[in-house]
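Have a look at this one before I ask anything.
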Amino acid sequence: MRVRREGGCRHAEVPTRLPVKLHLYTKALAFALGKTLKSMYQDCAEQFLREEPWEYGLHWRPNQDLTSGLLDRGSKTVTGWTQVNVRVRYETAIRLEALAAKEKISVSSLYYTMLYWWAWYQYPPAYERERRAKALANKGDSS
């Protein structure tokens, strides 16, 4: 975690790894919400800590390396993951670090899980909302 002072406030920049598609979606989501990535990350973190979705069944998601080795040649191949530096207020970062220690997971995995939850459960893509609505309608038809 890197700590930076900005406008009288301390912020922490925490590196994590995300699937490229998730990273692109979160960037588009910030734009659609009329926020900067930094402010959206802060909102996401605060809501994540407030709602405690891991207490209601959300599983911690391990993240992947950016590259993986090929067995026969020892060279690297791209995995479809990218590094993302998530910037939140320092106090929020300390709470997230404490949560990671309590849950015995890496800070990087916690941030990945938090952003996954935000993008998939709080603001799911349109195609996923449609799929869920159809599944719910089909479930209602069968009862």
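Laboratory data are not the source of any read-out in this text; all were calculated from the coordinates shown. Computed from a predicted model, the values in this text were never measured in an experiment. In this analysis, Cβ positions are derived from the backbone assuming ideal geometry, glycine residues included, and neighbour counts consider all displayed protein chains.
Relative contact order for the chain: what is it in percent, counting Cα pairs under 8 Å that are at least 6 residues apart?
33 percent
Using +1 at the Cβ of each Lys and Arg and -1 at the Cβ of each Asp and Glu in the range 83-136, identify which of TRP118, VAL86, ALA101 lies farthest towards the dipole's positive end.
So the residue we want is TRP118.
Along the three principal axes, how long is the chain when you take its alpha carbons, biggest first, rounded to the nearest angstrom?
Extents along the principal axes, in whole Å: 55, 50, 32.
On to the next question. What's the FRET efficiency of ALA126 with ARG5 using the Cβ-Cβ distance as r and R₀ = 25 Å, to the nearest 0.05?
0.05
Using a Gaussian network model on the chain with a 10 Å cutoff between Cα atoms, which of ALA119, ALA101, ALA133 fluctuates the most?
Per the Cα network of the chain with a 10 Å cutoff, ALA133 tops the list.
With charges set only on the Cβ (+1 for Lys and Arg, -1 for Asp and Glu), what does the dipole of the chain come to about its Cα centre, in debye to the nearest 20?
Dipole size: approximately 360 debye.
When the Cα centres of the range 77-143 and the range 13-60 are compared, how far apart do they sit, in Å?
The range 77-143 and the range 13-60 have Cα centres spaced 7 Å from each other.
Right, here's the next one. Given a Förster distance of 25 angstrom, what is the FRET efficiency for LEU37 paired with GLU91, based on the Cβ-Cβ distance and rounded to 0.05?
0.85
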